[in-house]
Every structure is written in C-alpha cells, then in structure tokens.
1. Out of curiosity, is A:Pro92 in a loop (DSSP other than H, G, I, E, B) and either more than 24 Å from A:Arg315 (Cβ to Cβ) or among the charged types (D, E, K, R) (or both)?
2. Among (1) more than 7 Å from every other protein chain (Cβ to nearest Cβ); (2) under 24 Å from A:Phe338 (Cβ atoms); (3) in a helix (DSSP H, G or I), which single condition is A:Gln185 missing?
3. B:Leu208 - would you say it is in contact (Cβ under 8 Å) with a residue 24 or more places away in the chain, at the interface with chain A (Cβ under 9 Å from one of its Cβ atoms) and either in contact with a Gly (Cβ under 6 Å, 6 or more places away or on another chain) or among the β-branched types (Val, Ile, Thr) (or both)?
4. Scan A:Ala283, A:Ala300, A:Ala266 and give me the residue that is at the interface with chain B (Cβ under 9 Å from one of its Cβ atoms) and touching a Pro at 6+ places or on another chain (Cβ under 8 Å).
5. So which of A:Ala204, A:Ala256, A:Ala209 ends up being closer than 29 Å to B:Ile195 by Cα and not aromatic (Phe, Trp, Tyr)?
6. Restrict the check to the range A:95-107 and report whether at least one residue is surrounded by fewer than 23 Cβ atoms within 10 Å (Cβ to Cβ), within 11 Å of chain B (Cβ to nearest Cβ), of a type outside the set (Phe, Trp, Tyr) and over 10 Å from the mean Cα position of the chain (by Cα).
7. Here are the criteria: (1) in contact with a Cys (Cβ under 7 Å, 6 or more places away or on another chain); (2) of a type in the set (A, V, I, L, M); (3) under 30 Å from A:Asn126 (Cα atoms). Tell me which single one B:Leu418 does not satisfy.
8. Name every residue in the range B:167-206 that is surrounded by fewer than 23 Cβ atoms within 10 Å (Cβ to Cβ), hydroxyl-bearing (Ser, Thr, Tyr) and either modelled with pLDDT under 95 or more than 11 Å from B:Val224 (Cα to Cα) (or both), in order of residue number.
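The values are calculated or read from the model by the stated rules, or taken from the named source; none is laboratory data. Worth saying up front: this structure is predicted, and the values here are computed from it rather than measured. Cβ atoms come from the backbone with ideal geometry, glycine included; neighbour counts cover every protein chain shown.
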Amino acid sequence: MDADRSAELQAAVREAAASKTQLQISGGGSKKFYGRAATGTLLSVTQHRGIVHYEPGELIITARAGTPLAEIEAALAAHGQMLPFEPPHFGPTATLGGTIACGLSGPRRPYAGAARDFVLGVKIINGQGDILKFGGEVMKNVAGFDVSRLMTGALGTLGILLEISLKVLPKPQHELTLAFACTPQEALTHITEWSGQPVPLSGACHDGARLVVRLSGSKSGVTACQRKLRGDMVHDGDKFWQQLREHQHDFFKGDALLWRFSVPPATPLFNLPGQLFIDWGGAQRWLKNPLSADVIRASAVKLGGHATLFRGGERIGQVFHPLPPALLALHKRLKNAFDPHGIFNPGRLYVEF
Amino acid sequence: MPCYTVSMGQKPPTHTPEKQALLVALRGILPDHSVLCEGEQVRPYECDGLTAYRATPGVVCLPSSAEQVQQILRLCNQMQYPVVARGAGTGLSGGALPLENGVLLSLAKFIRILEIDADNRTARVECGVRNLAISEAAAPHGLYYAPDPSSQIACTIGGNVAENSGGVHCLKYGLTVHNVLGLKALTMDGELLEIGSKALDAPGYDLLALLHGSEGLLGVLLEVTVKLLPQPERAQLALAAFHDVTQAAQAVAAIIGAGIIPAGLEMMDNLALCAAEDYAHAGYPRDAAAILLCELDGSNEEVSELIMQVRDLLLANGAYEVHTARDDAERLKMWAGRKAAFPAVGRLAPDYYCMDGTIPRRHLPAVLTRIAELSRKYDLPVANVFHAGDGNLHPLILYDANQADERTRAEEFGADILQLCLDAGGTITGEHGVGVEKLNQMCVQFTAQELSQFHEIKHAFDPKDLLNPGKAVPTLHRCAEHGAMHVHHGKLPFPELERF
Ligand SMILES: Cc1cc2nc3c(=O)[nH]c(=O)nc-3n(C[C@H](O)[C@H](O)[C@H](O)COP(=O)(O)OP(=O)(O)OC[C@H]3O[C@@H](n4cnc5c(N)ncnc54)[C@H](O)[C@@H]3O)c2cc1C
Ligand SMILES: Cc1cc2nc3c(=O)[nH]c(=O)nc-3n(C[C@H](O)[C@H](O)[C@H](O)COP(=O)(O)OP(=O)(O)OC[C@H]3O[C@@H](n4cnc5c(N)ncnc54)[C@H](O)[C@@H]3O)c2cc1C
C-alpha cells in the first residue's frame, strides 16, 4: 500500500498549471466540512502514503501526506510516543497531510503547543509544479524562511504537501483526569489561578457542568499535584479527552451552527446567548449560536480574539475571521508567490484567493 | 551632532547629492542627534558579533517612535535606499552588518515594557527590550520568559525573533517561535502589520512563524507579545564528567531515549570546560574529556524522581562522576560557566569563529570525532560547547586573524564542519542565522528552485529588495559562482545556470 506517488502528483500539477485548471486537493475527506466549500478538479493524495523514516531516539517521524493519521499514531504508540498537539481525526480516513493542512490541534494545545510547533520540515509541490524541500528532521533549523510552518494551516492553498517531518514526544509517564463541579466562571477563575502556578496541566475544559483537568508528568509529580487540587478522579480520562478532541461529546451533537472563539484565556464569560463549551484553559470557546456572523465577529474582536464558523451553515461566506486590508493584501501576494496561476484550493481559506 | 558639522582639521564629508537629499529628509523626521553619519559616530555600528565582517554604514538612524520608523521606511522605499535593522548587534552571522550605501536603523531606543498581563501570562514589549529584562519584569508575578540565549543580558527580543534564537532551556520549552504570540511589524513600504495576539492561532497564514528567523528581510519588528510561563517549583542540575566525548554523546541519547526531556542538556569538551572554569570558576572538573549539564525542572517530587533516573543513566553510560547542585546558588554558578563559554573561549586566542550546525543526535559521536580530525588537518584548535539535547553544535575555531593564512584556514575549517552537518542529514544553522556568513552553504543546502521560492516570499513583503538586501538568501548567480568552486557529491548544484 505504501507508495511514492510524487511523480504522478507533480505531473498532474504541471498539467493543471499549463491549462490553468483549478484543483481541489483531497486527503481522506474527513475535514471536508471545515473551511469554505471546495471547488475544482479533485486531486487525491491518499495513494501517496507510508512512513518514510521514524527514529524514536531522535523524536522525529517523516511520513508521506496520504498516510492515515491512525497509522502514524499506532507506530508512535508502539514506542511509547505521541503527537503532542493531539490532532483531531474527525473520522477514520484522516491523513497526515489533511491534518497539517488544517493545522488543528486538540485539548493539549495550550500546554504542549500547536500543530505548527511540531512541524520540522516539509516536501511540497508548488503551483509551478516544482518539488521543494524545506526544514528537515532536526529540532533547530533557521536556514531559509520557515516555509514548513507557513504550510501548516494554509488549507492547501499554497501547495501540495508531499512529506511532513514532525517532532514527537514520549507519552507522559503518568496522567490523570480530575473533575470539579462548578459554574463556567468559577472554572475560568480556577484555571487562571492554576495556570499561573507550576501545575502540570495538559488539558482544562468546562463541559457545562464541570471543570475537567488533566495532569501529566512523572507519577510522583502528578500525584502530589492531585493531593493539592483534590477534585473527583475521572476514571476513563483518556476517553474523555479523546471524545473532546473528536467532538463526540453531547455538546457537539446536532447541526446547530458551531462557532469557535479564540480569545485570551482569562477573558471573563461573555454575554452571548447560546450554549458554551470552554476548552484550552479558556483560550478556546465553542459556542452554539444562530446569531449573525457580524455580531459574533464584533464580539470576538472586542475580546481581543477572533471567531471561526467551524461547522454548519453555508460554507460560501467568510468562514474564517476576515483579515484587515494590509494582511489580506499580503496574503494574496504570498499566495501568488507559491501558486501564481491560482490553481490550488481556490477560495477554500478566503473568498479573495 | 548634525552630519554637516565639520570638526577641527577634518575634511568636510563629501556626500553625493542623492545622499545629501536623504540626510536632509531624515533630519526632517528625526532630531539631528539621531542621524549619525561621521567616522567616530558610526564606528560602533560597523559590525555585529561576527566581527570578521565590517562595513561603515552610510547613515545610522536612531528613531524613538513607531511613526518615525514608518516615515524612515517610506522615505527609503521611495528613494530606493536599503535599510538594515539592528537590535543589540550580538548576532553571530552578520545579519546586522550595515551597508555603505544604506541606512542602519538602530532600534536601541525601543526599550519600553508595555504590559505584563499576569492572568493571561503574556508580556507586550517594544522590540529593543533585552531578553533578560522580560523575565525580570515578570518575576514579581512568579512568571518568566523561557528562551534564554547565552547573550540574554544584551540581546533584544526583536533580534531574538529575527533569528528565532534558542537557549540552553529550549530543549523542553522551545525556541523563540514557540514562545511568541504576537508581533507588530512594518513592511518596507511603511505598512503596519499586526500579527497574532494574546489569542492563539490567528486566522490566515502563519505569518507569525514566517517572521521568525527572517533575519530582518521581511519587516521591521516594533512590538512583540511573548508567552510567560510559571516559574518551576524547583530546578535541579546534574553535572556529569566523562573520560570520553563519545560516551557523553551516548549518554545524551540514553536520557532522551528513556523518555525524559530535561529542561536543558548541554555538553562542553575539555578545552571549552577548562576555559569556562578559568573564567567563571563554576566548579567544572578539569580532567574530564567532556561534561554534560542536565537540568530538570518541575515540582519538587517530579524533579527528585527524575534526577535519580538521570543519575543512573549517566553512570550507566560511562560518567565517572555525577554531581548535583547543593542549592540554587551552586546551580546558577554551574550554569554561569556554560553561559560564559563563548567569551571564556574567546580569551584563548585572538579570534574565534563560532559555528552553528545542527545534526541528528545519533551522529554526535561520529561528527565530533571528525571535527577533531579536521582540527588536526587545519592545525587550528577547536572548542566544542553546545546544545547536545537538540543536536545543535557550536564548535569554536580558534585562530589569529593577523597571522597570514589563519583566517582563511578557519573559514575553510568552518565550511568543512557545515558540510559535515549537511552530510549527516542536518542543517547549516540551528539558531544563529545565515546572515552574510553562510550564504555559500545555502547554495549547498537548497536547490535553485527552493532558493527562488525564498526570493518570491521576500518579494511578497519587499518587492524592491530594500530591507537587509544580500543577507540570508543567496542570489542564484552567487550560487552559480560558488558552485563552480564547490562540487557537491560530484554534481554541480546549479547545472542550468550559466557560469562566469
Ligand atoms: C556571547 C554570545 C552568546 C550567544 N548565545 C546565543 C544562544 O545561546 N542562542 C542563540 O540563538 N543565539 C546566541 N547568540 C547570538 C545572538 O545573541 C542572537 O542571534 C540574538 O537574537 C541577536 O539579537 P540582537 O538584538 O543582538 O540582534 P542583532 O544582532 O542586532 O540583529 C540580528 C538580526 O536581527 C535583525 N533585527 C534585529 N532587530 C530587529 C527588528 N526590530 N526588526 C527586524 N529585524 C531585526 C537584524 O537585521 C539582524 O539580521 C549569542 C551571541 C553572543 C555574542
Ligand atoms: C521547593 C523545593 C525546592 C528545592 N530545591 C532544591 C534544590 O534546588 N537543590 C537541592 O539540592 N535540593 C532542593 N530541595 C531539597 C530536596 O527535596 C532534597 O531534600 C535534596 O535536595 C535531595 O536532592 P535530590 O532531589 O537530588 O535527591 P532526592 O530525590 O532526595 O534523592 C534521590 C536519591 O538520589 C541520591 N542522590 C541525590 N544526589 C546525589 C549525589 N549528588 N550523589 C549521590 N547520591 C545522590 C539520594 O541519596 C537519593 O537516594 C528542594 C526542596 C523543595 C521542597
């Protein structure tokens, strides 16, 4: 099943560039709901798959973009390692390429880092059909501009990801999950207090009824902290965080519009109607709310953050928070720098490019 | 002092009409004493930490407000004058090397700490604030800024972002790019960009990451918002002494292989540790071929548990002595030697040349052995002091620039080390940047198409190529010339380019 399809993919891109044919780059299709509606001729990268190099002692893995995320996680787990940014799969077909192109991170994000923090290198095809390599398999590398991180979260609009090298980490020696019945505002107060202290947090959310926190580290350190914080032990903690990562909790069921607010973590509860789920220690807040996008975005800006229409609704408007004019102009120039014919995923990120 | 002032006995400076016009316009933006263009005034700006490269800047500007920087950039953009931004000038690759026909933009006056937000654990500071000053300002809240380059008492946060600097604690806490949340920057045409914020993961492309390590080529940074971390309850440092450098390298792999990510894991060889001991009296064992410094931090319980595991691993991998710090004072003294290693080694010879390649850790023993062989071949001593946990090497080549061919030998030795790093699957620079120093090696590490992609990115920000031109990314013509001399694996790297 493992195969290097870069030559075929390169030929397809060259042809598309010559004929100015727009391409819709597709992995497993698990995150098709995300971003703006895709258009263009389907170009699948799922056949370009396989782990190219996994060196547990170096804490690095390099794999082709079509490799199923589950396969990568299984390989890492066999050596007691993990992807620290806890990427959501949103379905069994999730590929590594789609994961990095979407740049989504799970509950561990504020403590361990985001997807982009673990990307060490990429091999891509740009809009001219050139195969280019940036970064590499080492932890520190400042030779040339950081194209690898620029590709992360670009939703395939700058190029096709062929190969990705990631930093991985050992799984924590010990983890446990504690719950505290309290209001959302009480939860925010607790999290703000604990986050300013050396508490080994690796997850903190409020599910509507309880503050739930995860502690990670050495057994003695985690146990000592548990004694200090108290709270009720959640026995299936791993499952809790996995379901949160995958949006399988009751809160996420149904097809109401789901907004994702990214705000400074200590932001007090905001006064918007609708159901709220707090994650990322306060930094990410999910809101199920039918208000108009303008009202939502104005509130997000007032709080010093931004809002994404994560799921639901028409995917033809501005799904991501609109960019101010100077940044939008720069985005267009960067898009042009990688994809001068505008063939990759046009309009998937912003309507303007 | 205005630039047209002529001191006694000195010839009036002869400026071209174009430069005269620039000076007049700059003096319309800045007070006279903030526009420098004469011999003694501009001498301090001739070089950065890479002193082998020097140039007299055409004009030095010392703005004190964002509006002034914006006006200077607009003016230079319009008059097509190149601009080089400068922080503290501690850079080690010539990134802040001035241009004789350009403006050196010193950001030394941007030293205000604008906000410490303890609840959100962020600090918003101007670009000229010193790295250490951030942690000092955050300390009353029990917080600190994690990246700690050894130059932290002097280097600026703007320079740290521009180089994506690391430090001895980056193994666990990441580089500058992992610890910065937001930037305010001006592009060459004076457009203000606000990138990121206290909220995570800004919409659109990751410009925050792109500006890290961009070596002042994409924009002039004005403000930086950094992430602060709670000070750990406890930190404990173990010093392990080895009779053999290779064993020390293996011990590094063993610790990380055991699933332990220390806060810092640093190695020094005999020449480096003896120099540091003479300089800082850190208590290093002079008879060791190499020492490792391994710091663990976290809760008291966690540190106690892990320090024990690390001790056992060090001993099992050939350490003949492991000493843990008795108290925080001793711990800081043990670090002081490491942090002063560059100036300490600097006392051993008139000049030193600091390399910065990064390699996969597993190749440490082989690469160190090869560096020792090269040292004999070039007949120049080399001291090794480096971020072992990250595989980031800092061989310091000792030489005397006044000896006929020593500088050339040092440069060739350095180029061989970088080639060695590339051959081992690594990179030519882990944290010091390309600057002017490693332009030729960029031609080896990247293909012509990859370099062209870098140029396209540069032009998306600065179409006229006026911001720090000629640094960080070589032109294809330069590579063609270099390629003619430097054949990599029997292949000319740029076969499609005409040679001259
Ligand atoms: C003794 C010593 C030890 C060192 N140790 C380390 C270490 O442990 N780790 C490490 O990573 N580095 C280290 N360095 C290198 C150096 O200190 C870092 O690269 C530092 O970040 C440079 O900061 P600076 O303010 O001195 O920048 P400068 O040297 O002034 O400039 C560096 C680059 O940044 C650009 N720049 C500066 N300010 C701005 C701005 N506001 N906007 C846009 N561009 C800007 C310049 O144009 C230039 O390209 C060391 C240097 C010395 C001398
Ligand atoms: C908040 C806080 C901060 C502290 N900070 C420090 C600190 O910075 N430095 C400090 O030393 N103590 C500190 N202590 C005290 C610490 O808890 C221990 O009492 C003591 O330092 C033991 O050191 P350890 O953690 O390395 O070993 P322990 O966890 O107490 O013991 C581990 C084992 O290692 C052995 N061991 C440890 N070091 C050596 C050695 N050098 N040679 C041979 N065997 C050894 C011990 O005998 C023991 O069997 C702190 C305590 C608190 C509560």
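1. Taking the combined requirement at face value, the residue does not satisfy it.
2. Looking at each condition in turn, A:Gln185 falls short on (2).
3. Numbers: in contact (Cβ under 8 Å) with a residue 24 or more places away in the chain: yes; at the interface with chain A (Cβ under 9 Å from one of its Cβ atoms): yes; either in contact with a Gly (Cβ under 6 Å, 6 or more places away or on another chain) or among the β-branched types (Val, Ile, Thr) (or both): yes.
Criteria met by B:Leu208.
4. Details: A:Ala300 fails: touching a Pro at 6+ places or on another chain (Cβ under 8 Å); A:Ala266 fails: touching a Pro at 6+ places or on another chain (Cβ under 8 Å).
Step by step, each of A:Ala283, A:Ala300, A:Ala266 is checked, and only A:Ala283 is at the interface with chain B (Cβ under 9 Å from one of its Cβ atoms) and touching a Pro at 6+ places or on another chain (Cβ under 8 Å).
5. Details: A:Ala256 fails: closer than 29 Å to B:Ile195 by Cα; A:Ala209 fails: closer than 29 Å to B:Ile195 by Cα.
Of the residues listed, the single one that is closer than 29 Å to B:Ile195 by Cα and not aromatic (Phe, Trp, Tyr) is A:Ala204.
6. no
7. Failing condition for B:Leu418: (1).
8. Within the range B:167-206, B:Tyr173, B:Thr187 qualify.
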